[in-house]
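Comments concern the structure below.
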Amino acid sequence: MVATFRAPFTPRDGLVSALRSRGFAVMAPDDVAALAGVSLDALRALAAGWDDLPPDEYLRDGGRYRQRRHACFVIGADGIEQTPHRAHYQPLDYNALHGGLQRWFAPVAPETLAAPAWGRLLRALGDRLREVRPVDPWYAEAHQFRIDTADGIGRPTPEGAHRDGVDFVAVFIVGRHAIRGGETRIFEADGPDGQRFTLTEPWSLLLLDDRRMIHETTPIQPEQSPDASVDGRPGYRDTLVVTYRAEGFQAEP
């Protein structure tokens, strides 16, 4: 049996101090809803948007386990504005597997963007991050991910332990279905300390200072045999990853 470590949740009023002192914070779902000023049910209603994600056509490991959508926003102290759809780009220094590519993913669906909880969540988090680092505006990229086990194993971070080349990274668990694995591992970029735990509750949040922390998520496997499914579909892990960056989006030099 593989040990599963519980998430080290940060007290609701300790988010900013945890980011300053440790470089990361983990929030429970109720606290995430309170941060956004919406009900937990309103956040849970967003999960339907993960049932219609197209395949990621850029996987260089030959896998077929990842589906995703992508959207970009400018988040200022006075509001949030979606930008025209653009490619996602990361330098090779930050993503050795998929860096150096202009990756055009399908846009986040209009009905997901129109949900009040979506904009409130992204803006509220930007406001709180501004208390840690006074940036206005933030350039934010939102990624909907579904990693599935249709072929036996799914890899949430095929590039391995990494940084993203931004200021902050927010990883929300949207749902887990019929899987095991998917352990979160975070490490100091310039030190020996690290921590491991598994986020299981929908809309729990891991928030990282990307300048200070390296992160990865271990592969997921089905609870049953690879050729079996539960409820007529393979196991999967759904996440919303939002990055916040100062001074513009990452772009090809």
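Read-outs: derived from the displayed coordinates by stated rules, not from any lab. Note that the structure is predicted; figures quoted are calculated from it, not measured. Positions of Cβ are generated from backbone atoms using ideal geometry, with glycine treated the same way; all protein chains shown enter the neighbour counts.
Within region 140-150, identify whether any single residue is aromatic (Phe, Trp, Tyr), assigned to a strand (DSSP E or B) and within 15 Å of Leu240 (Cβ to Cβ), and answer yes or no. Before you say what the answer is, go through the steps one by one.
Of the residues in region 140-150, the ones aromatic (Phe, Trp, Tyr) are 145.
After this cut, where a residue has to be assigned to a strand (DSSP E or B) as well, the list is 145.
Adding the requirement that they be within 15 Å of Leu240 (Cβ to Cβ) leaves 145.
Yes, region 140-150 has at least one match.
Just a yes or no: is a residue in region 147-170 touching a residue at least 12 places away in the same chain (Cβ under 8 Å), on the phi < 0 side of the Ramachandran plot and aromatic (Phe, Trp, Tyr)? Show your work before the answer.
We begin by selecting, within region 147-170, every residue touching a residue at least 12 places away in the same chain (Cβ under 8 Å); these are 147-170.
In the following step, the residues that additionally are on the phi < 0 side of the Ramachandran plot were identified as 147-151, 153-159, 161-164, 166-170.
Restricting the remaining residues to those that are aromatic (Phe, Trp, Tyr) gives 168.
Checked region 147-170: at least one residue is touching a residue at least 12 places away in the same chain (Cβ under 8 Å), on the phi < 0 side of the Ramachandran plot and aromatic (Phe, Trp, Tyr).
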Discussion item. Being touching a strand residue (DSSP E or B) at 6+ places or on another chain (Cβ under 6 Å) and of a type in the set (Phe, Trp, Tyr) is the filter here; which residues of region 51-92 pass it?
Written reply: Tyr58, Tyr65, Phe73
Worksheet item: List, please: which pairs have Cβ atoms under 7 Å, are six or more places apart or on different chains, and start with a residue in region 109-138 that is in contact (Cβ under 8 Å) with a residue 12 or more places away in the chain and end with one that is hydroxyl-bearing (Ser, Thr, Tyr)?
Response: Trp118/Thr112; Gly126/Tyr244; Leu129/Tyr244; Trp138/Tyr244
Discussion item. So Ala28 passes all but one of these: (1) over 30 Å from Phe197 (Cβ atoms); (2) in contact (Cβ under 8 Å) with a residue 40 or more places away in the chain; (3) under 19 Å from the mean Cα position of the chain (by Cα). Which condition number does it fail?
Written reply: (1)
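Let's see how each residue does on (1) surrounded by fewer than 18 Cβ atoms within 10 Å (Cβ to Cβ); (2) within 27 Å of Pro134 (Cα to Cα); (3) in contact with a Pro (Cβ under 6 Å, 6 or more places away or on another chain):
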residue: Val171; (1), (2), (3): no, yes, no
residue: Gly182; (1), (2), (3): no, no, no
residue: Ala189; (1), (2), (3): yes, yes, no
residue: Glu201; (1), (2), (3): yes, no, yes
residue: Asp210; (1), (2), (3): no, yes, no
residue: His215; (1), (2), (3): no, yes, no
residue: Thr218; (1), (2), (3): yes, no, no
residue: Glu223; (1), (2), (3): yes, no, no
residue: Tyr244; (1), (2), (3): no, yes, no
Discussion item. Just checking, does region 215-237 include any residue being in contact with a Leu (Cβ under 7 Å, 6 or more places away or on another chain), under 25 Å from Met27 (Cβ atoms) and in contact (Cβ under 8 Å) with a residue 12 or more places away in the chain?
Written reply: yes
